[in-house]
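The values are calculated or read from the model by the stated rules, or taken from the named source; none is laboratory data. Given the structure is predicted, the values throughout are model-derived calculations rather than measurements. Quick reminder, even Gly has a Cβ in these numbers, built from the backbone with ideal geometry, and neighbours come from all protein chains shown. Heavy atoms of the whole protein, side chains included, go into the accessibility calculation; ligands, DNA and RNA do not. Shrake-Rupley method; radii C 1.70, N 1.55, O 1.52, S 1.80 Å.
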Amino acid sequence: MCGIVGYVGPRQASGVLIGGLTRLEYRGYDSAGIAIMSHTGLEVVRRFGKLVNLASAIGETPVPGTIGIGHTRWATHGRPSEENAHPHIDCTGRIAVVHNGIIENYMDLREELSATGHMLRSETDTEVVAHLVESYYDGDLTAAVSRAIKRLDGSYALGIVHLDHPETLVAARKDSPLIIGIGEGENVVASDIPAVLEYTREVLVLHDDEVATVHADSVHVQALDGTDVSDPEMMHVEWDLDAAEKGGYEDFMFKEIFEQPKAIRETLRGRMCEGGDIQLSELDMAPEQVALINRVFIIACGTSFHAGMVAKTLIEGWARIPVEVEVSSEFRYSDPIVDDDTLVVAITQSGETADTLAGVREARDRGAKVIAITNVVGSRVTRESDGVIYTHAGPEIGVAATKTFTAQIAALYVLALKLAQAKGTVQQERIEHLWSELSRMPDLVETILEDLDGLKECADEYVGANSSLFLGRGIGVPIAMEGALKLKEISYIHAEAYPAGEMKHGPIALITEEVPVVVIATQGHTYEKVVSNIQEVRARGAQVIAVATHGDDDIRRHAEHVLYVPATTESLSAIPATIPLQLLSYYIAKARGCNVDQPRNLAKSVTVE
Ligand code: M6R
């Protein structure tokens, strides 16, 4: 996720910007840059890679000046490179812009701006902002920024400077965080609190569709229509630096669980056209080509493999294409039946998992088209695949995958709907209904995250467990598997997942009063069967924790604990059902004193076979 820092005040801006960006390093980035208003003009310095590269360039050729903007870039549009690093400038070189977020309509804007003579130099969505401000500028920078951002679809936090206004920084936001640290005779704009703590603990929180005009001794906030915001939200920050990096949450994992509504929203953004077409140009296939796909192979490891299993249910159910899901380390040595009518989908949040990369090469050698689903722009899988669908979850720092999993499922929903639409296997009306349900997903997740009391109580009861069982049916099977993986990897409690109907073929022998059984019992066509399976384990003394749908009061008769999730279509229930399982694992692991962000023996990306 990109980091923004802007400074106006008496100090040398370059030092404040580099210091602030260093405090935002935890967010992850691939390149960095600053723009300073110096006495010679607008100086822009950008470097690929770590901040140390930028700092040493500035060390060799200092950039004096007391107002500037800085940025660490986590690539979303355009590969990680110096050319794509921010700040971006307009044609005149007098306006500089840093941006965090995604501008959905940037292609249309690029075309429009190019047609009117603007020279765009990067592959980014951000650069259009500099040129739009240039085209609207008539002496009033704040007004030009307001007009420009009215043209943007998508999300943004922006910091903008113009040489004509050597004492002004303009900041604006929509759906991406931006705050302003209010100092004594100086102000610091930033995408997150750690960047301002060295200077102040008084913070102005900019809201969506607000534009701030920042000077050393004043901040003036306006709405987009130019009216004053007389009482902007202020907060006094009590957190220390460590807590601030985690946004006040105790751990990165917990923070990332709470970032899921945003991750899902960003991943779905721009995927539905006005005419009802699912937008997935990354597939780069005409409907006639899609019609020829007779098989889908999904390869992935760990949590990504579970996302693949969810996708199997969706693609088979909606697009009626047979899907095989294979663990990458098995696929690569299995002599797979893959040919040029096979679509291979490689799911890997890091884009660097060695086994998945080997699987991608194997599949392409056999003639298959490979589409990667990843969270990291420029990662190896993006260079080795025929097409890439990005999840927009932002960097995930906790080793246990949480927000990248639900973002992967969101991307896979889009892929499955696209395949169904291209094949004509689902009526347009139903596609639009599914899409509107899918669009509610971020809000549904938010409602789950708002009420955690029952979860904590439930977790407290099972802190001492040594072994556990997770059961589900249909789309609930991969969710049970993911729940079990989360619990075992962060709490070190043994956890096994089974299709609920398989239980009596062996695992039921494990049931005792000491083995909690977590059951995915959300509404669906096998609900009654799941309830029967619950009765079977309870008859053998098991304590049952059921994940069920709001309104299902009856389930309380069958379970010691019920973790409710909002109702949705059965095929879309994977995301809501996942959230309480992540939280249950989290609370149990915390109560056991485990390091949830860095569980023992695990690495965030597994780059060896
Ligand atoms: O980066 P990838 O998605 O390819 O990683 C695959 C697995 O190593 C990963 O999902 C792992 O299982 C999770 N960190 C577990 O939470």
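Values as computed for the structure displayed
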{"item": "Dipole axis of the chain (+1 Lys, Arg; -1 Asp, Glu on Cβ), positive-most option in G181, V196, T76", "result": "T76"}
{"item": "Cα-based Rg / Dmax (Å) for region 379-425", "result": "13.2, 40"}
{"item": "Positive dipole terminus of region 249-439, leading residue within P336, I293, G270 (C-beta point charges)", "result": "G270"}
{"item": "Sites S605 and T40, calculated FRET efficiency, Cβ-Cβ separation with R0 35 Å, nearest 0.05", "result": "0.20"}
{"item": "Overall form of region 190-315 per C-alpha gyration tensor (a/c, 1.5; a/b vs b/c)", "result": "oblate"}
{"item": "Region 450-594, dipole about Cα centre (Lys/Arg Cβ +1, Asp/Glu Cβ -1), debye to the nearest 20", "result": "360 debye"}
{"item": "Between 0 and 90°, nearest 10: helix 13-23 axis offset from the chain longest Cα axis", "result": "10 degrees"}
{"item": "Relative contact order computed over region 450-594 (Cα-Cα under 8 Å; 6+ residues apart), in percent", "result": "30 percent"}
{"item": "Percent antiparallel among DSSP beta bridges (both partners in the chain, rounded to 5)", "result": "60 percent"}
{"item": "Segment N105-R295, extension gain: residue separation times 0.36 nm, minus the distance between their alpha carbons", "result": "65.1 nm"}
{"item": "Residue-averaged [θ]222 nm for the chain, counting only DSSP H segments that reach four residues, each worth -39500 (n - 2.57)", "result": "-10500 deg cm²/dmol"}
{"item": "Angle between the chain longest axis and helix 476-491 axis [Cα atoms, degrees, rounded to 10]", "result": "70 degrees"}
{"item": "Under 15 Å, Cβ to Cβ, from I193 - net charge with Lys/Arg +1 and Asp/Glu -1", "result": "-3"}
{"item": "Most to least packed among 102-108, 84-90 [average Cβ atoms within 10 Å]", "result": "84-90, 102-108"}
{"item": "Percent accessible area from carbon and sulfur atoms, the chain, protein chains only, probe 1.4 Å", "result": "47 percent"}
{"item": "With Cα atoms, 0 to 90° folded angle of helix 527-538 axis to the chain main axis", "result": "70 degrees"}
{"item": "Check: region 249-439 dipole with +1 on Lys, Arg Cβ and -1 on Asp, Glu Cβ, in debye", "result": "180 debye"}
{"item": "Among 22-28, 91-97, 460-466, the order from most to least packed when residues are scored by Cβ within 10 Å on average", "result": "91-97, 22-28, 460-466"}
{"item": "As computed over region 131-264, the Cα convex hull volume per residue (Å³)", "result": "116 Å³"}
{"item": "Value of D in µm² per second that Stokes-Einstein yields for the chain, Kirkwood Rh from Cα pairs, at 25 °C (0.890 mPa s)", "result": "96 µm²/s"}
{"item": "For region 450-594, the fraction of alpha-carbon pairs in successive 10 Å shells from zero, as %", "result": "13, 49, 34, 4"}
{"item": "Percent RCO, i.e. relative contact order, over the chain, from Cα pairs under 8 Å lying at least 6 residues apart", "result": "11 percent"}
{"item": "Bins of 10 Å, starting at 0 and running to the largest distance - Cα pair percent for region 3-244", "result": "8, 36, 39, 15, 1, 0"}
{"item": "At R0 = 56 Å, FRET efficiency that the Cβ-Cβ distance of R320 and E238 yields, to 0.05", "result": "0.50"}
{"item": "Prolate/oblate/rounded call for region 34-111, Cα gyration tensor, a/c under 1.5 rounded", "result": "oblate"}
{"item": "Ordering of 7-17, 594-604, 343-353 by packing [mean C-beta count within 10 Å, highest first]", "result": "343-353, 7-17, 594-604"}
{"item": "Net dipole in debye of the chain [+1 Lys, Arg Cβ; -1 Asp, Glu Cβ; about Cα centre; nearest 20]", "result": "1360 debye"}
{"item": "For the chain, with +1 on Lys and Arg beta carbons and -1 on Asp and Glu, the positive-most of I315, L280, T168 along the dipole", "result": "I315"}
{"item": "Mean shadow area of region 259-318 over all directions, Cα convex hull, nm²", "result": "5.6 nm²"}
{"item": "Stokes-Einstein D for region 301-436, Kirkwood Rh over Cα pairs, 4 °C, 1.567 mPa s (µm²/s)", "result": "86 µm²/s"}
{"item": "Zero-based 10 Å bins, Cα pair distances in region 65-200, whole percents", "result": "12, 45, 34, 8, 1"}
{"item": "Compactness of region 1-79 - radius of gyration and Dmax, Cα, Å", "result": "11.8, 36"}
{"item": "Cleavage-rule hits, chymotrypsin sites (Phe, Trp or Tyr not before Pro), region 210-307, DSSP coil, Cβ neighbours within 10 Å at most 15", "result": "W239, Y249"}
{"item": "Over region 3-244, relative contact order from alpha-carbon pairs under 8 Å, at least 6 apart, %", "result": "19 percent"}
{"item": "Stokes-Einstein translational diffusion, region 328-374 - Kirkwood Rh over all Cα pairs, 0.692 mPa s, 37 °C, in µm²/s", "result": "314 µm²/s"}
